[in-house]
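First the structure, in the form of structure tokens, and then the observations on it.
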Amino acid sequence: MHGVTKPVAAPRPRSRGRLLWALLVLHRWTGVIVGTLMTLWCLTGFVMLYVDYPRLLPAEQVRGLSPLHLPAGGSLARIALPPDTGLASARLEMAAGKPVLRVVPEKNDGRAIWQMRATPQSYDLGSGALLAPLSREDLGKVGAQFGRNVGIDGPVAAITPISVDQWTVQAFAANRPLYRIDYADAAGSAAYIAGQTGEVVQRTTRFERFWGWLGAVPHWLYPTVLRQNPAAWSQVVIWTSLIGCFLTLTGIWVGISRLRRGKDGTIGSPYRGLWWWHHMAGLVFGVFALTWVGSGLFSMSPWGLFDSDAGPVERQRLAGPMCWTDMRAALANMNQFPIDTVRVESAPLGGKMALVAIAADGRMVRLNSSGRPAVLTRADVAAALRSGPRVVSLDLLSEGDSYYYAHKEPVRLPVWRAVLADPQATRLYIDAASGALLRAVDGTGRAERWLWNAPHSFDLPGLRQSRLRYIIILPLLAAVTLVCGTGAWMGMRKLARDLWRIRRRIRRLSRRSFFLRSRSQS
């Protein structure tokens with residue numbers, strides 16, 4: 001009939017089929033490279049459950065120091081610092097048999113985090129002059145003292161100046177010239193000493209280096225050549241993680257779309273063999289693969305997602321201002337240290353100067369500006385917190401909570417936990433012995449805790465220190481490895497077949513072209 005339009009078949013099924021086909025192709029070819037990388041992440045994840053990247057923990061650095069001895073008639077007055085110089089931190093310790101003062105001047109440029117990463121200026125307390133670069137003899141002395149103090153069973157065997165290597169890729173720039181001290185012990189121990197300051201900044205063993213190459217280095221995409229450029233390394237990890245998320249999401253979507261109902265009414269996979277295993281395992285464990293690769297992406301704080309200055313800002317506010325005059329007067333009033341002191345640190349609180357004497361085993365004694373013991377009280381902490389937002393609660397914790405806890409590294413306890421009435425509901429964790437701010441967790445920090453730490457390593461209350469965590473995570477990691485590994489293997493085989501077909505077609509066309517040219521010439 002005129003004027004009546006015949007209904008047109010909806011193109012939706014064909015469009016959906018094309019979309020599914022396109023996603024399947026993208027999933028397959030992405031899986032050849034990124035799927036292989038994700039398989040590597042899974043395999044190295046097994047290693048990282050038990051062996052982490054080698055690092056010198058602060059407690060071990062303190063244990064490696066020698067007992068502190070001050071020279072008679074010290075030279076504090078001869079240290080070339082203007083009296084009103086603002087200080088971010090200061091500490092006193094031994095280096096190559098000399099008492100050394102290390103200070104980090106405050107930098108008033110709005111970058112609070114700078115103080116956390118700055119290299120200290122080191123002064124020889126005997127002469128008041130800046131510490132001269134250590135001689136080879138002094139380096140050997142520092143290495144030998146460190147080895148004895150931390151229990152390395154062997155003398156110094158070699159002292160080698162190094163450029164950046166795999167285990168000092170982060171520490172090299174701030175501590176060069178850097179020297180590696182090799183010990184003649186069964187563990188193959190090595191320590192790294194900053195030649196300008198005499199500080200030990202890294203320690204490794206043969207065991208840690210071997211498993212580091214099989215664990216942390218490939219897991220974090222940490223080869224030296226890439227890690228030397230932090231911006232490039234960060235972008236590589238972020239974009240490979242994003243592609244990994246895309247690969248996993250498309251795999252889940254295609255896997256659901258490919259399910260078929262059998263004659264007996266059951267729903268299953270139309271594939272056989274390795275394809276069946278990849279299809280069914282991907283449907284069951286693909287979510288865990290997405291969880292791990294997604295939380296790995298969050299670990300990089302992509303595009304500043306989890307950037308926060310809460311720690312440095314709150315640390316400065318809690319401590320209050322400190323200048324060289326305050327530190328010098330407090331040191332001058334210290335007639336003697338507690339027994340076994342190896343380090344003395346500045347510990348201002350609420351604008352009041354204080355020092356902390358630290359023993360090799362980590363014990364701390366807090367001293368006021370007159371050099372007398374001054375135990376930190378609740379009133380002291382509350383008074384220091386008055387300069388910031390209102391305090392909702394202030395509690396003394398003898399064990400950790402959801403945001404301050406021991407996982408792979410120990411934490412100091414007890415601590416004062418202050419919850420602030422600011423828009424971020426910031427939590428401050430303050431050392432009960434020294435008054436130092438150990439951690440600040442704002443809204444960004446809480447999001448990072450639950451979007452990265454919790455899903456990536458099953459870092460959950462009740463599982464963190466339990467064997468149940470390994471009982472759960474090992475089978476799941478094995479299943480995700482199966483999903484990634486079978487997908488990468490099948491993609492490689494498909495690529496090899498396609499390349500073979502292309503070569504065969506090229507040869508066929510070449511022979512045909514040669515035949516046609518031969519006929520035309522004849």
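The values are calculated or read from the model by the stated rules, or taken from the named source; none is laboratory data. Since this is a predicted model, take the numbers as computed values, not measurements. Here the Cβ is made from the backbone with ideal geometry for all residues, glycine too, and neighbour counts use every protein chain on show. With ligands, DNA and RNA removed, areas are computed over all heavy atoms of the protein, side chains included. Shrake-Rupley method; radii C 1.70, N 1.55, O 1.52, S 1.80 Å.
In the chain, a dipole from Cβ-located charges (positive for Lys and Arg, negative for Asp and Glu) runs towards its positive end, and of Ala281, Ala77, Ala191 it is Ala281 whose Cα lies farthest in that direction. The modelled label-to-label distance between Phe210 and Leu20, using points 7 Å beyond Cα along the C-beta direction, is 5.1 nm.
The fraction of Cα-Cα pairs per 10 angstrom bin, counted from 0 for the stretch 55-108, comes to 19, 43, 31, 7 percent, rounded to whole percents. Our coupling estimate for the stretch 267-279, obtained by passing each phi through the Karplus curve with A = 6.51, B = -1.76, C = 1.60 and θ = phi - 60°, is 9, x, 8, x, 8, 9, x, 4, 4, 4, 4, 5, 4 Hz, Gly and Pro reported as x. Rounded to the nearest 20 debye, the dipole magnitude of the stretch 338-483 is 140 debye, with +1 charges on Lys and Arg beta carbons, -1 on Asp and Glu beta carbons, and the Cα centre as origin.
Net charge dipole, the stretch 102-228: roughly 240 debye, given to the nearest 20, about the Cα centre with Cβ charges of +1 for Lys and Arg and -1 for Asp and Glu.
Taking the inverse of the mean reciprocal distance over all distinct Cα pairs, the Kirkwood hydrodynamic radius of the stretch 438-512 comes to 16.8 Å. Counting only residues at least eight positions apart within a chain, or on another chain, the lysines with an alpha carbon under 23 Å from that of Lys98 are Lys141. For a straight C-alpha distance cut-off of 22 angstrom, the lysines reachable from Lys352 (same-chain residues fewer than eight places away being disregarded) are Lys107.
Calculated [222 nm] ellipticity per residue, helices only, for the chain: -13500 deg cm²/dmol; basis is -39500 (n - 2.57) per DSSP H run with n ≥ 4, divided by all residues, nearest 500. When the Cα positions of Leu474, Ala88, Ala310 are compared along the charge dipole of the chain, Leu474 comes out farthest toward the positive end, with charges on each C-beta of Lys, Arg, Asp and Glu. The fraction of accessible area contributed by carbon and sulfur in the chain is 60 percent, rounded to a whole number (1.4 Å probe; ligands and nucleic acids excluded). An ellipsoid equivalent to the stretch 370-516, defined through the eigenvalues of its Cα gyration tensor, has semi-axes of 61, 19, 13 Å when rounded to whole angstrom and sorted largest first.
The magnitude of the dipole of the chain, with charges of +1 and -1 set on the Cβ of Lys/Arg and Asp/Glu and taken from the Cα centre, is near 4240 debye. Between the amide H of Ser66 and those of Met94, distances stay under 5 Å, these residues lying 5 or more places away or on another chain, with hydrogens modeled in the peptide plane. Computed from Cα atoms alone, the Kirkwood hydrodynamic radius reported for the stretch 251-291 is 10.6 Å.
Seen from every direction in turn and averaged, the convex hull around the alpha carbons of the stretch 244-362 projects onto 14.6 nm².
Rg of the Cα atoms in the stretch 106-218, relative to 2.2 N^0.38 Å, amounts to 1.19. Relative to the longest principal axis of the Cα atoms of the chain, the long axis of helix 310-319 lies at roughly 10 degrees.
Per the Cα gyration tensor, the chain maps to an equivalent ellipsoid with semi-axes of 58, 30, 21 Å, ordered largest to smallest.
Here the stretch 335-454 has an Rg and Dmax of 15.5, 50 Å, counting Cα atoms alone. Using R₀ = 51 Å, calculate the FRET efficiency as 1/(1 + (r/R₀)^6) where r is the Cβ-Cβ separation of Ala59 and Met492; round to 0.05. Computed FRET efficiency for Ala59 and Met492: 0.65. Average accessible surface for the chain: 54 Å² per residue, computed with a 1.4 Å probe over protein heavy atoms with every protein chain in place. Between the residues Val365, Ala384, His407, the greatest Cα displacement towards the positive end of the dipole of the stretch 333-434, with unit charges on the Cβ of Lys, Arg, Asp and Glu, is found for Ala384.
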